[in-house]
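Here's the structure, in structure tokens; my notes come after.
Read-outs: derived from the displayed coordinates by stated rules, not from any lab. Being a predicted model, the structure only gives us computed values, none of them experimental. Cβ: placed from backbone, ideal geometry, glycine included. Neighbour counts: every protein chain shown.
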Amino acid sequence: METTHTLSLPYIIAAQAQKHVTHNEALRMLDALTQIAVASRIVASPPTTPAGGECWLVPDTGAAGEFAGHGGELAVFQDGAFTFLTPKLGWSVYVADEGVQIVLGLNGWQDLVSGSGSGNGGGGVTGQLGLNAAASTTTRLAVGSDNSLFTHDVDGSHRMAINREDTASTASMIWQTGFQADAELGLTGLDDMALKVRSSGGDWANALTVDRETGLATIVAAPHTDNMLINSDMRINQRSFGGGALAGGTFGYDRWKGDASGGTILRNGAGRVELASGSVVQPVETFPAGFDSLVFGVAGLTGGVLRVTVEGTTTDIQPDQPFGFSTFSVTPGVSGSVELSAPSGAVLFDRVSLVAGGQSRMACDRHPDIEFALCVRYFCTSLGEGQVLQDYSGSIGYHMGICYAGGNIASQRISFPRRMRVPPTVSYYAPNSGNPIQSGKWQLLGPQAGYANANSMGVAELTQTAFVLNVVFPSASSGDAYLMCGNWSASAEL
């Protein structure tokens, strides 16, 4: 045997002349193969002015010049000429222009480690990792196993995070059969959680969505049983509407307003809705995608015909039946409205609903807290129900907040109960604690005796979740703490 098994280093033969030649050749090979680093693995032709000791991994295809015929070999420039060495299974090479460590496996060269350090605690970054499966530039982690386990560490918990760049991107999990996607769960180009399924024909459809604002889950592919009408029995009344006439475009009970000509409506002591005359309307933000038929339903209708108009189509529902229904055609994914009127005299009913699909059914009742949260997305106020939004002549139900003045301006950040549909329009209402009312202006109690009326008010930093109220007072001193008094409302109605 004239060479070593692993590195093929030449042996010095007994009684060999010029032993230094063989010895130096072995040293040159060791110099090239120990701690191997190559300048590149994509250079197909020798550089014009290589430096001594520089090394390249010749590409498998396209090699030219002195590299021709040496694809897949290491080309080392030594003593003014190239020496070519054939890598063996398991050899590890650092590629300088990519900053990666590669190893020769059964399937060729594979990226091993890039960055500084390696392994546990070393700070290294694994470019690709295949565990019994082939990784790639798009699937950087591949695991071939009948089972996988991710377990806790020091704090006893374990959470998996799937991150995306922005709302338009995707963060999801996909279930496959034979490497063909069949279902997907996650954030798929929207902020709402979605479950999608794929038909045998290759078409994708949403099966379930969860609204990020309300937490409400909607089964999309089944009949839409969630009520598109909010406050369908008119029990939520943040504006403290006392019942009676509603002028055109004016909201009374939450989410319900008079139509262009107004209407007269009341929720009576028995919890039933009385529509005496005219019409009331509820704007609908978006008709559900994927459905061009909606079913309107009314429970406990008595007294006369209820006329219902949805997107220009009108129908009459007869009274004295447990439930009355009518089907309407709409354009999916657009906004619209539902109008109720009593053409033949006053009517009473318990509640109404609007659901997607062609089956005559009433929507299920939502929990009152969820119903209130849906209303607050469109309108909210500092006052409780039963307290009318107006300038008060007595000290009743007003909002109070501690603030510090800068000059004669006092500022307070006020948060809405929950995220609103859009940045709302904010209105102010004055209390009265001893001073004559100045309509729409708050009052200030501070180091000076008594209350002072504001000179002016303004909103800054208005978002869907909060606003900053700046109040100018005639005698506020910078750095002093004050108590601001007044009421506010915020409307993001359609």
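Assuming charge only on the beta carbon of Lys and Arg (+1) and of Asp and Glu (-1), the dipole of region 35-146 about its Cα centre is about 200 debye to the nearest 20.
For Arg351, the residues 5 or more places off, or on other chains, whose built amide H falls under 5 Å of its own are Ala299. Placing a pseudo-label 7 Å from each Cα along the Cα-to-Cβ vector at Ala81 and Ala51 gives an inter-label distance of 2.4 nm.
Of Ile414, Ile265, how do they rank once you tally other Cβ atoms within 10 Å and put the fewest first? Walk me through the intermediate numbers first.
Values: Ile414 16, Ile265 26.
Starting with the residue having the fewest Cβ neighbours, the order is Ile414, Ile265.
The 3J(HN,Hα) values that the Karplus relation (6.51, -1.76, 1.60; θ = phi - 60°) gives for region 346-362 are, in residue order, 4, 10, 10, 7, 8, 6, 10, 8, 9, 10, 8, x, x, 8, 6, 7, 8 Hz. Gly and Pro appear as x. What is the sum of charges around Met234, taking Lys and Arg as +1, Asp and Glu as -1, for the other residues whose C-beta is under 9 Å from the C-beta of Met234? Cβ neighbours under 9 Å give a net charge of +2. What list of whole percents do you get for P(r) of region 35-146, with Cα-Cα distances grouped in 10 Å bins up to the one holding the largest distance? All Cα pairs considered, the percentages come to 14, 41, 30, 13, 2, 0.
Per the Kirkwood formula applied to alpha carbons, region 121-210 shows a radius of gyration over Rh ratio, Rg over Rh, of 1.01.
Give, as a single signed number, the net charge of other residues whose beta carbon lies under 14 Å from the beta carbon of Thr177, with Lys and Arg counted +1 and Asp and Glu -1. Numbers along the way, then the final one.
On the way: positive: Arg198; negative: Asp182, Glu184.
Around Thr177, the charge tally is -1.
This ranking places Asp111, Asp191, Asp60 by how few other beta-carbon atoms lie within 10 Å of each, fewest first, which gives Asp191, Asp60, Asp111.
Between beta-carbons, use under 9 Å as the cut-off and find the net charge around Glu493, counting Lys and Arg +1, Asp and Glu -1. Walk me through the numbers on the way to the answer.
Working: positive: Arg255, Lys257, Arg421; negative: none.
Here the charged neighbours net out to +3.
In terms of other Cβ atoms within 10 Å, Thr86, Thr49, Thr218 run from fewest to most in the order Thr49, Thr86, Thr218. Using the alpha-carbon positions of region 170-219, Rg (one decimal) and Dmax (whole number) come out as 11.4, 37 Å. Counted residue by residue at 0.36 nm each, then reduced by the alpha carbon distance between them, the extension gain from Ala207 to Ala168 reaches 12.1 nm. For Gly440, the residues whose modelled amide H falls within less than 5 Å of its own, excluding neighbours fewer than 5 places apart on the same chain, are Ala430.
Region 127-165 and region 254-282 have Cα centres spaced 57 Å apart. Counting only DSSP beta bridges with both residues in region 35-146, the antiparallel share comes to about 80 percent.
Distances between placed amide hydrogens fall under 5 Å for Phe379 paired with Ala492, all partners being 5 or more residues away or on another chain.
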